[in-house]
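Here the structure comes first, spelled out in C-alpha cells, and everything after it is commentary.
The values are calculated or read from the model by the stated rules, or taken from the named source; none is laboratory data. This structure is a prediction, so every number in the text was calculated from the model and none was measured. Quick note on the areas: whole protein, heavy atoms, side chains included, nothing else; ligands and nucleic acids left out. Shrake-Rupley method; radii C 1.70, N 1.55, O 1.52, S 1.80 Å.
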Amino acid sequence: MVIGVNHFNIMAQFSCFVFWSVLLLPLVLQSEVNGIFLSNLNATCFRCLCEASTGCSTSTTCRQSYCGPFSISRAYWMDAGRLVLPADDPTRWGAFEDCANDYACATGIVTQYMEKYGTDCNGDGLVDCVDYTMLHVNGGPRCHGALGGTFANRFYQCLRQAQRY
C-alpha cells in the first residue's frame with residue numbers, strides 16, 4: 001500500500017508541474033522578445049506591408065531617401081533604435097541603407113518601431129496588422145490617418161488574398 005501512495009504523490013506532483021509549466025511557459029516566451037509580444041505582427045503582415053510599400057522590391061537603391069522593401073526613411077530607422085546588420089556600426093556611413101535594403105534587417109527595424117509605438121490606430125479595439133500598417137505609413141504619433149491610394153489598395157488586396165489560404 002505504501003507503493004500506491006508514493007505513486008499517487010509522484011503523479012500529483014508531476015501533474016501540478018505540467019499544469020504550471022503549460023500556464024507559465026507562454027509568459028516566459030513572450031518576455032524574451034524585448035519584453036513585448038506583438039502577436040499580430042506576423043509574416044503575412046510583413047509581406048502585405050512590403051507588397052504595398054514597394055512590391056517587395058529587393059532593389060539595393062534608395063529612392064528619395066526611402067530605402068528597402070518597406071520604404072524606410074532614415075528618421076524612421078533612428079526612431080526605431082538604429083538597428084544594423086550583424087557586426088556593423090550604426091554610426092558608419094551607409095549602415096542605415098545596408099540594413100533597410102536587407103529584408104531581414106528591415107523587418108527588424110519595422111518590428112522595433114512597432115514595439116515602440118504599437119497602438120490601436122483605427123479605434124476598433126484591436127492592435128492588428130492594419131494598425132501596424134497605419135503606424136508605418138503615418139508615423140507613431142500621427143497613426144490615426146486612414147490608409148489611402150495605391151498603397152491602401154495593394155495592402156488590402158494582399159490581406160484579402162492571404163485570408164483565402
Worksheet item: Ignoring ligands and nucleic acids, what accessible area does residue 126 show with a 1.4 Å probe (Å², nearest 10)?
Response: 100
Discussion item. Given all pairs of different Cα atoms, what value in angstroms does the Kirkwood hydrodynamic radius of region 43-163 take?
Written reply: 14.4
Response to the item:
Probe 1.4 Å, heavy atoms of protein chains only: per residue, the accessible area of region 43-163 in Å² is 50
